[in-house]
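Here is the structure we will look at.
The values are calculated or read from the model by the stated rules, or taken from the named source; none is laboratory data. What you see is a predicted model; the values in this text were computed from it and never measured. In this analysis, Cβ positions are derived from the backbone assuming ideal geometry, glycine residues included, and neighbour counts consider all displayed protein chains.
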Amino acid sequence: MNKNEILKQMTLKEKARLVSGHNFMFTNAIASVGLPAAECSDGPHGLRKQASGGDNGIEKSEPATSFPTSACTACGWDRENLKKVGKAIAQECRSYGVDVLLGPGVNIKRNPRCGRNFEYFSEDPYVAGELGSAFVEGVQGEGVGVSVKHFAANNNEEYRFMGNSVVDERALREIYLRAFEKIVRRTAPASLMCAYNQINGTFCSENAWLLTDVLRKEWGFDGIVMTDWGAVKDRVKGIVAGLDLEMPGDTYCTDEIVKAVREGRLEESALDECVLRMLDFVGKWHHDDKKACDFAAHHALAAEIAKDCAVLLKNEGVLPLDKEKKVLVAGEFFEKMRYQGAGSSMINPAYLTTPRDAFDEKGLPYAYAKGYREQSEAADETLIAEAVKGAKNYDTVLVFAGLSDYAESEGGDRPNMRLPENQLALIDALVAENKEIVVVLFGGSPVEMPFADKVSAILDMYLPGQNGGTATADLLYGDANPSGKLAETWAADYADVPYGGEFARRVNELYKESVFVGYRYYSTYGRNVRYPFGYGLSYTQFAYSDMQVGRCGKEITVQCKVKNVGSRDGAEVVQLYSENPACVLPRPKRELRAFGKVRLRAGEEKEVSLTFSEDDLRVYVPEQKRWALPGGTYRLCVAASSEDIRLADEIAVAGEKIAVDEKRYEAYRNGDAAHISDADFAALLGTSLPEDPSDFPITLETRLDRYQKTPGGKQIYDTLLKVANEMRLRAQSLPDGTEKDNLLKGAMFMTRIMSTNSARSLAMSSGPKLPYEAACAFVNIANGNYNGEARQ
Ligand code: BGC
């Protein structure tokens, strides 16, 4: 039977069920037409398949490979790596019977404090789009669907459930939507997951401009759009806007759809369009069979990828270390490696090799001092004193440091860019001993490093996955040569980050920097940073020569030679930037156009070829709702980082003359994009700025932690936090160990989710456990309105 015939046989109720999820991770099976349920699972760095249903990352899941997270894999700048990881994860999906993987996450890292940056690739849309596409190809090539998330402009966690991203259309098109666009056009992903937040006043789940005009009509997307878990606001508006599947479902929405059709509030034909897409989706991606896969091989692959992605930030000749020479290792991450992020992407690793395991397996000589406890922030003077005492016997001290799950996770943004105080105190105390100090960092985002000038080397492993220990040992001792480069800028001080002080403080998040995100800001305005975008060292050196620029139609190809002029085999990430000519629209000075990774034996030379299309040089002209190519002379730069140009040449581009209202852009042209006034931003937007909703009266969209300010609200809030608090207490009564750690992390995650959630989104993500009526009752009680309407 073809899908149109199936559709004809379905009742209205069945149609409504098919566009609604069930039991947290499934679509509804429709028995009368023989349609099975498709199973989804997080995603994105490995499989988080829960035994039954799911809970957004609190309880343990089935064992699976925890691969390096996207923040880490991005630093490898290698499309093949992402393909391999995608393929391996898909094989694990097939082995557990999972049909759709919830990932990749391709949001732009707008601010380094976003708690979920570990799950995203880059501040640059080209990198995110290229690597995201490779990952999707790897997954879908094995017959498993993806859900590319979170569509779109979902760039903070504190207000992710109700926040409003206020962004000018040009920045949306050139920065925030671009990776999604590339993935959609190039890979035909099975689905996209729409984000919780609003864009310019409209929730993504009912945003017809986003879900239909741009996604389907312009980009030609033919998969389904599912909501993020609980992101439905008005289901009927959603269907009209092109939202196919409500997840996790089991809410009143199924009945609401039926009612809306019967009452004439929803055209059945609009529902049918979603149903047809759902029929395609389940038909294409569901499998009845399971296939075994090789988890041990994936463990080895996880180490290979992690080795290829770690970034050597500093090295004054101390690395690689001598395998015969005993060192002191300090820092609890050595034995309790932070290798993945916390929240819905947390995996129960099939294997785990910490740095300590790897040092032991390799028989490396070391003494160990804990130095700090990852579970707390406050400096532990006893542990520090032990480390300092130990250090006296060695020339070299390795300090394992970084962000713990408490410092960084889904559901909340970091309060600052600092390392936990206990680690800073440890590093300071060791620095005072005048030793050669090597800092090995773990974490999903940049940190301030007040110690950077005082230590001899810094190796950043990011979040390297379950076999990160092997990768770390191999890199430190020279069995592998670091070749990762940063896919995001490391500001020296959080104060240097544009609008850092305004980040994630209220519902309306003003994206005043417009297109000047990350290095696009720092390089244009000549600001110093700790480490620029694209930066990373190696144990060898590379020489660049013989640049040539060729053209074939719209395609521009840059070739050059890269030679490994050092004594070790290594790999170099070669980057191509364009420097843009003056244009009526203010443009970043430099933008990445292509990259390639070249692997070279010591002394070897290879030709590197980088290609891009003239179309990539276009700008989006919001006044005319179209892309346009500014003409002029473009300087093409072959570079080792965004600030390390090795070769350059020019090309003339005919382009076109673009007419815009220049006044609109004056502030960006004459001033600094990090100091735009509200009035100038409003001029750029072409509308007035939205007012922030007041916390009172409380509504279905109010953050739950605001409830504490009324007596009734406080009772509700305390009740909602009870489970998390009980978990925490239970954890505190346990002896140190994995069970305690997992409970503590679960409790913290739950607290973050509860406090930042809204009653509406909480109800929509809780299925039958918390009906919508209960959310409405919360609002009434919190407002002291005990006789309020059941529904709002
Ligand atoms: C997260 C998604 C995730 C989903 C299912 C949501 O809270 O934002 O990324 O896929 O939960 O666990």
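Can you name every residue in the stretch 181-197 that is away from the ligand (no atom under 13 Å from the Cβ) and either touching a helix residue (DSSP H, G or I) at 6+ places or on another chain (Cβ under 8 Å) or at positive phi (or both)? Let's see the steps before the verdict.
Taking the stretch 181-197 and keeping what is away from the ligand (no atom under 13 Å from the Cβ), we get 181-190.
Glu181, Lys182, Ile183, Val184, Arg186, Thr187, Ala188, Pro189, Ala190 - these are the residues of the stretch 181-197 that are away from the ligand (no atom under 13 Å from the Cβ) and either touching a helix residue (DSSP H, G or I) at 6+ places or on another chain (Cβ under 8 Å) or at positive phi (or both).
With respect to Gly46, determine if the residue is within 16 Å of the ligand (Cβ to nearest atom), touching a strand residue (DSSP E or B) at 6+ places or on another chain (Cβ under 9 Å) and at pLDDT 95 or above.
yes
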Out of Tyr176, Tyr196, sole residue that is aromatic (Phe, Trp, Tyr), out of contact with any Gly (no Cβ under 8 Å at 6 or more places or on another chain) and buried (at least 24 other Cβ atoms within 10 Å of the Cβ): Tyr176
Neighbours by Cβ (under 9 Å, 6+ apart or cross-chain): first from the stretch 330-354, closer than 18 Å to Leu743 by Cβ and part of a loop (DSSP other than H, G, I, E, B); second away from the ligand (no atom under 16 Å from the Cβ) and among the β-branched types (Val, Ile, Thr): Lys336/Thr354; Ile347/Thr65
Yes/no for Tyr120 being out of contact with any strand residue (DSSP E or B) (no Cβ under 6 Å at 6 or more places or on another chain), within 14 Å of the ligand (Cβ to nearest atom) and not charged (D, E, K, R): no
So Gly655, is it among the small types (Gly, Ala, Ser) and closer than 30 Å to Phe612 by Cα: yes
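Hey, among Lys597, Lys606, which residue is over 23 Å from Gly129 (Cα atoms), at pLDDT 95 or above, assigned to a strand (DSSP E or B) and not acidic (Asp, Glu)?
Just a single option satisfies the conditions, and that option is Lys606.
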Those helices (runs of 4 or more DSSP H) lying entirely in the stretch 703-792 with at least 2 residues more than 16 Å from the ligand (Cβ to nearest atom) and farther than 27 Å from Gly249 by Cβ: 711-732, 738-756
One residue from Glu92, Glu14, Glu62, Glu5 being closer than 29 Å to Ala303 by Cα, surrounded by fewer than 24 Cβ atoms within 10 Å (Cβ to Cβ) and acidic (Asp, Glu): Glu62
Criterion: over 18 Å from Tyr120 (Cα atoms) and within 16 Å of the ligand (Cβ to nearest atom) - qualifying residue of Glu92, Glu14, Glu39: Glu39
Failed criterion for Asp413 (all others in (1) more than 16 Å from the ligand (Cβ to nearest atom); (2) buried (at least 18 other Cβ atoms within 10 Å of the Cβ) hold): (1)
Check on Ala425, under 22 Å from the mean Cα position of the chain (by Cα), within 25 Å of Pro112 (Cβ to Cβ) and of a type in the set (A, V, I, L, M): no
First in the stretch 224-252 and part of a loop (DSSP other than H, G, I, E, B), second anywhere and within 16 Å of the ligand (Cβ to nearest atom) and aromatic (Phe, Trp, Tyr), Cβ under 7 Å, 6 or more apart: Asp228/Tyr196; Ala231/Tyr196; Lys233/Phe203; Met247/Trp229; Pro248/Phe24; Pro248/Trp229
Qualifying residue in the stretch 206-223 (condition: of a type in the set (Ser, Thr, Tyr), more than 24 Å from Lys109 (Cα to Cα) and either without any contact (Cβ under 8 Å) to a residue 24 or more places away in the chain or within 16 Å of the ligand (Cβ to nearest atom) (or both)): no
Per-region count, the stretch 127-179, residues more than 16 Å from the chain's Cα centre (by Cα) and over 30 Å from Leu700 (Cβ atoms): 12
Selected residue (criterion: surrounded by the fewest Cβ atoms within 10 Å (Cβ to Cβ)) from residues of the stretch 276-300 that are of a type in the set (A, V, I, L, M) and in a helix (DSSP H, G or I): Ala296
The one condition in (1) under 22 Å from Gly469 (Cβ atoms); (2) in contact with a Lys or Arg (Cβ under 7 Å, 6 or more places away or on another chain) that Asp413 fails to fulfil: (1)
Flag for Thr251 being within 16 Å of the ligand (Cβ to nearest atom), modelled with pLDDT of 95 or more, more than 30 Å from Lys87 (Cα to Cα) and not basic (Lys, Arg): yes
Criterion: more than 16 Å from the ligand (Cβ to nearest atom) and at pLDDT below 95 - qualifying residue of Glu361, Glu377, Glu324, Glu332: Glu377
Any hit, the stretch 263-275, residues being touching a Leu at 6+ places or on another chain (Cβ under 6 Å), among the aliphatic types (A, V, I, L, M) and crowded, with 16+ Cβ neighbours inside 10 Å: yes
Residues within the stretch 301-318 that are part of a helix (DSSP H, G or I), of a type outside the set (D, E, K, R) and more than 20 Å from the chain's Cα centre (by Cα), tallied: 2
